Ligand SMILES: Cc1ncc(C[n+]2csc(CCOP(=O)(O)OP(=O)(O)O)c2C)c(N)n1
Ligand SMILES: [Mg+2]
């Protein structure tokens, strides 16, 4: 006897088949069939307070687990609210599927409720975006979307789900659910001849660097780059910061980059983060090798640098790294260049060790980082999240966590609290600590309510300088101290926001209060906020 199910049921089965367990969502009329279909399934819903938060959570999930993060939002404005977060995920190479409810197909063109060209809106911030057309096709839509999100240069994909497609009933048949292989990444290996060509270029260079793109900064990426460096003898550096060659994690990197005679771009676009590879940031004689899953990146590089590009080849970044590791001969030479680069990356001004706040009632960001060090660096499974303009750069410069999330090259602030909730679900035990500015806290502070409802303890550490300091510093630098205006905030008690929403709060005005407050926050077993009044200093700089 045949069995009829709703399109929404088929969609849920496809998500289960893909191995999904967690959906970040905000409800809406069009997607209530999916809420209903989830009952009795393996899928859990985290119901948030703003659609962008759901998309940021799916982004963090993708970066931390390597699985495609799933965000499910309503049509119309709910969809539009989620879109800004996709720009962050795209720049960070985070695999994500945004599923949005959509006006029914039968009502389109007649002024349907929340009728909007949703896929067109999502196009510029996704790898692919379309509107599902039939209930029978929903399983294949999901497989194709997930495979696209996790393949090549990982990134967001969007599928709009018309409510009549979700509600329509179909006779269940085995072929409506795609085979497991349809959900997997489509591999692009590095061909042996291309690998040999890359290794030959590296052997001939005196000062080569391998620069890994954001996809090599998540999960196993950093360990893979270390292995690549050990195998080839070539300094191998992941780049994911919007501050580019002034990434605070990379110390005096900009100084050694200027001396490189070969840059191997491994899943890393030649873009603003490398000052487009122009002199004096890179030497005029510096040559390039590029390995990238996206042929458009290769074409852009060749267009910009012409015959300075020695080799350019299509391949997945991680797979290419593995191939190079396997084929690399033992490193030759005395290792002097590698040591020079390591010393530059490790450089931190000696004055930092004694930096203290100069103002009463305020803590210097570095004092804050010193207090966090034991918790962040001692915990192998802990996750450190850094957000905000100037304050967010200090923990990136000072702390060496094993797992960390930053905004990424999109440079958007405000994702820290959603990131922390997703990190807590992905990592149920170890400390999740999110350092952010007071401006950044404001974007998604209502997600403290979500954290309380779902019992997701983490610690938000707000560096509160009552200022949008990054922009305030631009005003000082570019227009003069007497022309600073409009970038002040209030010294708001964000700890009380957390307690009002059912969390734990601590207010800190001196460095000697920090350790106790942090210990209580971590022990509270609730989402916690440390509101730390800080000195609004500029981000760290590294000129030697
Ligand atoms: C979504 C988004 N909006 C605006 C900006 C511009 N911006 C960058 S840093 C910053 C100030 C951040 O203030 P806060 O979080 O308090 O950190 P602070 O710089 O004060 O340490 C602003 C407005 C941005 N990068 N992203
Ligand atoms: Mg601030």
**Prompt:** Scanning region 31-51 for residues that are in a loop (DSSP other than H, G, I, E, B) and in contact (Cβ under 8 Å) with a residue 12 or more places away in the chain, which turns out nearest to residue 79 (Cα to Cα)?
**Reply:** 50
**Fill in**
Residues of region 398-408 being surrounded by fewer than 23 Cβ atoms within 10 Å (Cβ to Cβ) and either at positive phi or within 15 Å of ligand 1 (Cβ to nearest atom) (or both), in sequence order, are 398
**Candidate set: region 477-499, residues that are in a loop (DSSP other than H, G, I, E, B) and within 12 Å of ligand 1 (Cβ to nearest atom); chosen: the one farthest from residue 533 (Cα to Cα)** = 486
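Looking at region 427-437, is at least one residue surrounded by fewer than 21 Cβ atoms within 10 Å (Cβ to Cβ), under 20 Å from the mean Cα position of the chain (by Cα) and either within 13 Å of ligand 2 (Cβ to nearest atom) or touching a residue at least 24 places away in the same chain (Cβ under 8 Å) (or both)?
First, pick out the residues of region 427-437 that are surrounded by fewer than 21 Cβ atoms within 10 Å (Cβ to Cβ): 427-430.
Checking which are under 20 Å from the mean Cα position of the chain (by Cα) leaves us with 427-428, 430.
When the remaining residues are screened for being either within 13 Å of ligand 2 (Cβ to nearest atom) or touching a residue at least 24 places away in the same chain (Cβ under 8 Å) (or both), the result is 427, 430.
Looking for residues that are surrounded by fewer than 21 Cβ atoms within 10 Å (Cβ to Cβ), under 20 Å from the mean Cα position of the chain (by Cα) and either within 13 Å of ligand 2 (Cβ to nearest atom) or touching a residue at least 24 places away in the same chain (Cβ under 8 Å) (or both), one finds at least one in region 427-437, hence yes.
Pull up region 302-322, narrow it to residues that are under 26 Å from the mean Cα position of the chain (by Cα) and outside any strand (DSSP E or B), then point me to the one that is surrounded by the most Cβ atoms within 10 Å (Cβ to Cβ).
Step one: list which residues in region 302-322 are under 26 Å from the mean Cα position of the chain (by Cα), which gives 313-322.
The next check asks that each one be outside any strand (DSSP E or B); those that pass are 315-322.
On the way: 315: 24, 316: 24, 317: 28, 318: 19, 319: 16, 320: 26, 321: 26, 322: 17.
Here the residue is 317.
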**Message:** Can you tell me which residue is nearest to ligand 2 (Cβ to nearest atom) among those in region 442-456 that are closer than 18 Å to residue 530 by Cβ and in contact with a helix residue (DSSP H, G or I) (Cβ under 7 Å, 6 or more places away or on another chain)?
**Reply:** 445
**Prompt:** For region 449-476, which residues satisfy the criterion of being assigned to a helix (DSSP H, G or I), within 8 Å of ligand 1 (Cβ to nearest atom) and either on the phi > 0 side of the Ramachandran plot or surrounded by fewer than 24 Cβ atoms within 10 Å (Cβ to Cβ) (or both)?
**Reply:** 470, 471, 472, 473
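Across region 140-165, what is the total count of residues that are in a helix (DSSP H, G or I) and under 27 Å from residue 215 (Cα atoms)? Walk me through how you get there before you give the answer.
Start the filter on region 140-165 by keeping residues that are in a helix (DSSP H, G or I), which leaves 140-150, 163-165.
Now drop any that are not under 27 Å from residue 215 (Cα atoms), which leaves 140-150.
So the count comes out to 11.
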**Fill in**
Scanning region 348-369 residue by residue, the ones that are crowded, with 17+ Cβ neighbours inside 10 Å and at pLDDT 95 or above total 8
**Asked** Do we have residue 368 as within 30 Å of residue 94 (Cα to Cα), within 16 Å of ligand 2 (Cβ to nearest atom) and touching a helix residue (DSSP H, G or I) at 6+ places or on another chain (Cβ under 9 Å) here?
**Response** yes
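The values are calculated or read from the model by the stated rules, or taken from the named source; none is laboratory data. Please read all numbers here as calculations on a predicted model, not as lab measurements. Ideal geometry is used to build each Cβ from the backbone, glycine not excepted, and the neighbour counts take in all protein chains shown.
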